[in-house]
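First comes the structure, then the notes that go with it.
The values are calculated or read from the model by the stated rules, or taken from the named source; none is laboratory data. What you are looking at is a predicted structure, and each value in this text was computed from that prediction instead of being measured. Heads up, the Cβs are rebuilt from the backbone with ideal geometry, glycines too, and the neighbour counts pull from every protein chain shown. The accessibility values were calculated without ligands, DNA or RNA, using every heavy atom of the protein model including side chains. Shrake-Rupley method; radii C 1.70, N 1.55, O 1.52, S 1.80 Å.
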Amino acid sequence: MKGTHWRLILILIFQLHLQAALCDAEFNNVCNSVPKPQPPARQYDFIYFVQQWQLSVCNLRSCLKPARQVFSIHGLWPASYSRKTQCNCGSEFVPKKISDLVDKLNVEWPSMIHEDNTLYWKNEWESHGICSEAVLPQRAYFDAALKLKQKYSLVNILAQKDIYASGNVYSKGSITDAIKTATGHSPQIQCNLYKEIPLLTQIFLCLDYNATKIIECPPSKRCQYEDLMIPYSLFNT
């Protein structure tokens, strides 16, 4: 009788261990079936650093400020190779975050068609900057643009190849080659017609995802003309 009693106890212990093992296995299967969190998809592939020739802008539309013979910043625009870049969430523009940069921004990143530069910067941040916010928070975004402007002076780069705002006409290829010689990579060129004259309006430099180095720009159709003018004055004055 005593032997039977112990055998029953051993069978019960075995059944309890077996049930526990089965429960552990079931739990592990459930855990393995739960999808692991994935890192958020990148919202863009590279960044355009866009500079505009003020006199071209103001020959093409009415400006509220005097145009100078300079390239000024238009924007720092995250972009994608195969899809439209859309950023639907992010922090709002907070002027005090760039208060120490305002003096430089007023010179290098002015709005030519609005009196208030702050509204221009707000639009650039909320339309483009928030896409790169994880890499370039607001102040870093504007500071990066200022540093890029200082590092890649397009006026000086073009002058090295005897390309000036002189009223002369230059080939799009010579402008591209001058920038490629200086940076190691081809830019994108934008032009627009003033009456029958193609004007160089904007130059796009392409940067890597972190905005740390120049990369090759993808092909574009921003300019369909081969010979371009860089105006040195307003035509109607």
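So here's what we get for this one:
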quantity: Long-range HN-HN contacts of residue 201 with modeled amide H, under 5 Å; calculated: 190, 191, 192
quantity: For segment 99-237: accessible area per residue (Å², 1.4 Å); calculated: 51
quantity: Placed amide H near residue 227: partners under 5 Å, 5+ positions off or other chain; calculated: 172
quantity: Model label zone, residue 160; criterion: amide N under 19 Å from point 7 Å along Cα-to-beta-carbon; scope segment 166-205; calculated: 171-189, 203-205
quantity: Segment 144-237: relative contact order as a whole-number percent, Cα under 8 Å and 6+ apart; calculated: 31
quantity: Residues of type aspartates and glutamates that residue 172 reaches as a straight line, Cα spacing below 19 Å, ignoring anything fewer than 8 places off in the same chain; calculated: 162, 196, 216, 226, 227
quantity: Segment 164-214: C-alpha gyration tensor shape, a/c 1.5 cut-off, then a/b vs b/c; calculated: prolate
quantity: Protein accessible area in segment 82-230, 1.4 Å probe - carbon and sulfur %; calculated: 49
quantity: Straight-distance crosslink candidates among aspartates and glutamates, where the alpha carbon sits under 14 Å from residue 65 and sequence neighbours closer than 8 are dropped; calculated: 108, 115, 116
quantity: Backbone HN-Hα couplings from phi across segment 141-156 [Karplus 6.51/-1.76/1.60, Hz, Gly and Pro as x]; calculated: 4, 5, 5, 4, 4, 5, 5, 5, 4, 5, 6, 10, 7, 5, 4, 5
quantity: Isotropically averaged projected area of segment 104-209, using the convex hull of Cα atoms (one quarter of hull area), nm²; calculated: 8.0
quantity: Table column - 3J(HN,Hα) (Hz), segment 174-186, Karplus curve with 6.51, -1.76, 1.60, x for Gly and Pro; calculated: 5, 5, 4, 5, 4, 6, 5, 4, 7, 10, x, 9, 7
quantity: Relative packing of peptides 133-139, 225-231 - highest average C-beta neighbours within 10 Å first; calculated: 225-231, 133-139
quantity: Cα-projected label distance for residue 104 with residue 222, points at 7 Å along beta-carbon direction, nm; calculated: 2.3
